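The values are calculated or read from the model by the stated rules, or taken from the named source; none is laboratory data. In this text the structure is predicted, and so the values were computed from the model without any measurement. Note that each Cβ is placed from the backbone with ideal geometry, even for glycine, and that neighbours are counted across all protein chains shown.
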Amino acid sequence: MASRKKVSKPQLLPYAQREDFKVGRATDLSGRDRVFYRALEMLPGVASWTTLIGVVLLSIYAPFIAAYFIIAFAVFWVLKTAFLSYHLRYNWKRLRYHMSLDWEHMVARFEYGHLYQIVILPFYQESEEVVDATLTALAKIKYDKKNVIVVLAAEARAGESAQAVAAAMKEKWGDMFAYFLITTHPADTVGELAGKGANATYAIEQLRRKVLDPHGIRYNHALVSIFDIDSVVYPDYFNCLIWHFMTAKRPLKTSFQPVPLFNNNIWEASAFGRVVGMSSTFWEMVQQERPERMATFSSHSVSFQALYEIGYWQTNMVSEDSRIFWNLLMANDGEYDVVPLSYPVSMDANVAPTLWGTVKNIYKQHRRWTYGVENFVYIVYHFTKNKNIPLGTRIKIGLQQAEGYWSLVTNPIMLFILGWTPIFFGGRVFHETVLSYNLPLMVRDLLTISMFGLVVSSMISLTLLPPRPKEKSRFMYIVLMLQWILVPFTMIVFSAIPGLDAQTRLMFGKYMGFWVTPKHRA
């Protein structure tokens, strides 16, 4: 245990003291700032709708230009698929290598006995089974659990059932760790959006007051891992985290991002749930090979001091998991990093009692994720305010984020739906040309070539599966290979359309709340 002593508390960083530092939406501002922020909220939706409608109008009034554009775009898609597949395969190899390492042995050369691992577990109405599985995994880590602090963060609005689950978990696991704290986030707090960010911020401040300060645990000696309640850590996760923390360029100014594997209940999931879950995993694996484009997502780790210096997570918006990175980047004048761990954390695929329920839940979950476009608004707004960040950095990040949210919505729709519009709307003159005849053939051939990326995805996905349950036939492996033909459908229905939905809501000022994904286990 740490000795009891008074510790100095870092103050908020200068930029984090701005009144607009944690702006959530245009209505939080006034005057010109409010008008500017509202214009930024409209920009992604306007850009996406303009692109999609523009392709249709181009097909009607300038079908030749539209046809050449579609061919060029299909070629671009093939190249992009090859690029992403290369990074996916490379990170897969890195992931397997990292999982084969003896991280406990690797960190033995460091002095890290003073470091505490704080695990924040916000939960709402999840079952005792889900919470217990997460704590069971924590109890099996290859790390001194007397240096592990668990915070089970309940919601008052979840009622007595959540309190009962929390109490049962503390009774079962409380003695396993250095401290086991239960917090209950009050309902209907003024200025807050009910969700994970508000809960986590309340919980970690309670932890500071009740555990860290009374026991003299220094803020720069504590690493915080915030996990979704269904997150199951692998035994060496915290050793892997320690190694990356101790070797980071600026460890106290760095977030550490594992790979989310949505495979806890993969054998119970429908084909839609499996493909969408694994596709999300693959996207994060690709991002791990491009850390300059990364932000934090879902489960991640960061020093307590860094969090405290900006007042923790935002409590007034939906996508707090990625917003915390942008908060830290802005507050530290651009001197902040994300280090990819290329090491997994297992989470639940989206499963509901019925297929239609699964489809609805996947749609709502991805609409919430793609509502992360609100971060683009925040980034651009603060890039105009914080001139300490180099101009080149601001332009680069702004363009990267703009392209990412635009392509998420427009690319699948243009490729699989609007790619055929010149054929339908091109008119008699266009239909009599060789280009009209060859357009569908060329697009078909290019899409067929791009499908090679699905072969790579299907093969990699099989290596990331948990052990096959005895009641599941070996024939399932064939199904798991063939299910990837659903990707064109899932890209449109569970990525592009929810993204367009989210951007349209933001465009019209119909702000979303935080939707909690139900966790269902057979």
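Structural remarks
- Checking each residue in region 496-520 for being within 18 Å of Val276 (Cβ to Cβ), among the charged types (D, E, K, R) and either touching a strand residue (DSSP E or B) at 6+ places or on another chain (Cβ under 8 Å) or outside any helix (DSSP H, G or I) (or both) picks out only Lys519.
- For region 182-197, residues that are surrounded by 24 or more Cβ atoms within 10 Å (Cβ to Cβ) and without any contact (Cβ under 8 Å) to a residue 24 or more places away in the chain total 0.
- Of the residues making up region 506-522, those that are buried (at least 18 other Cβ atoms within 10 Å of the Cβ) and either without any contact (Cβ under 8 Å) to a residue 12 or more places away in the chain or basic (Lys, Arg) (or both) number 1.
- Helices (runs of 4 or more DSSP H) wholly inside region 1-106 containing at least 1 residues that are of a type in the set (Asp, Glu): 31-61, 103-106
- Residue-level check: of (1) modelled with pLDDT of 90 or more; (2) among the β-branched types (Val, Ile, Thr); (3) surrounded by fewer than 18 Cβ atoms within 10 Å (Cβ to Cβ), Val7 misses just (1).
- None of Val302, Val276 is touching a helix residue (DSSP H, G or I) at 6+ places or on another chain (Cβ under 6 Å) and touching a residue at least 40 places away in the same chain (Cβ under 8 Å) except Val276.
- Pairs with Cβ under 6 Å, 6+ apart, first in region 306-328 and more than 19 Å from Ile118 (Cβ to Cβ), second part of a loop (DSSP other than H, G, I, E, B) and among the β-branched types (Val, Ile, Thr): Ser322/Thr296
- Taken across region 485-497, residues that are free of Cβ contacts under 8 Å to residues at least 40 places away in the same chain, loosely packed, with under 13 Cβ neighbours inside 10 Å and more than 20 Å from the chain's Cα centre (by Cα) do not occur at all.
- Positions within region 326-356 being closer than 29 Å to Ser100 by Cβ and not in a strand (DSSP E or B), in sequence order: Asp348, Ala349
- Residues of region 313-331 satisfying the condition of being under 13 Å from Ala16 (Cβ atoms) and either surrounded by fewer than 21 Cβ atoms within 10 Å (Cβ to Cβ) or of a type in the set (A, V, I, L, M, F, W, C) (or both): Trp313, Ile324, Trp326, Leu328, Leu329, Met330, Ala331
- Subset of region 76-114 that is more than 17 Å from Gln257 (Cα to Cα) and among the polar types (S, T, N, Q) - its residue that is modelled with the highest pLDDT: Ser100
- Being touching a Leu at 6+ places or on another chain (Cβ under 8 Å), surrounded by 19 or more Cβ atoms within 10 Å (Cβ to Cβ) and not β-branched (Val, Ile, Thr) holds for only one residue in Ala200, Ala166, Ala154, Ala162, and it is Ala166.
- Within region 470-481, the presence of a residue that is closer than 22 Å to Leu408 by Cα and among the aromatic types (Phe, Trp, Tyr) is excluded.
- Some residue of region 335-350 being of a type outside the set (Lys, Arg), in contact with a His (Cβ under 7 Å, 6 or more places away or on another chain) and farther than 22 Å from Val232 by Cα: no
- Scanning region 32-68 for residues that are surrounded by 16 or more Cβ atoms within 10 Å (Cβ to Cβ) and small (Gly, Ala, Ser) yields Gly45, Ala47, Ser48, Ser59, Ala66, Ala67.
- Residue in region 116-131 that is among the aliphatic types (A, V, I, L, M) and in a helix (DSSP H, G or I) present: yes
- Check on Ser407, assigned to a helix (DSSP H, G or I) and under 21 Å from the mean Cα position of the chain (by Cα): yes
- Among the residues of region 434-450, those identified as without any contact (Cβ under 8 Å) to a residue 60 or more places away in the chain and closer than 18 Å to Ile65 by Cβ are Val434, Tyr437, Asn438, Pro440.
- Only residues that are more than 23 Å from the chain's Cα centre (by Cα), within 14 Å of Phe238 (Cβ to Cβ) and either buried (at least 22 other Cβ atoms within 10 Å of the Cβ) or not hydrophobic (A, V, I, L, M, F, W, C) (or both) were counted across region 116-146, and they come to 7.
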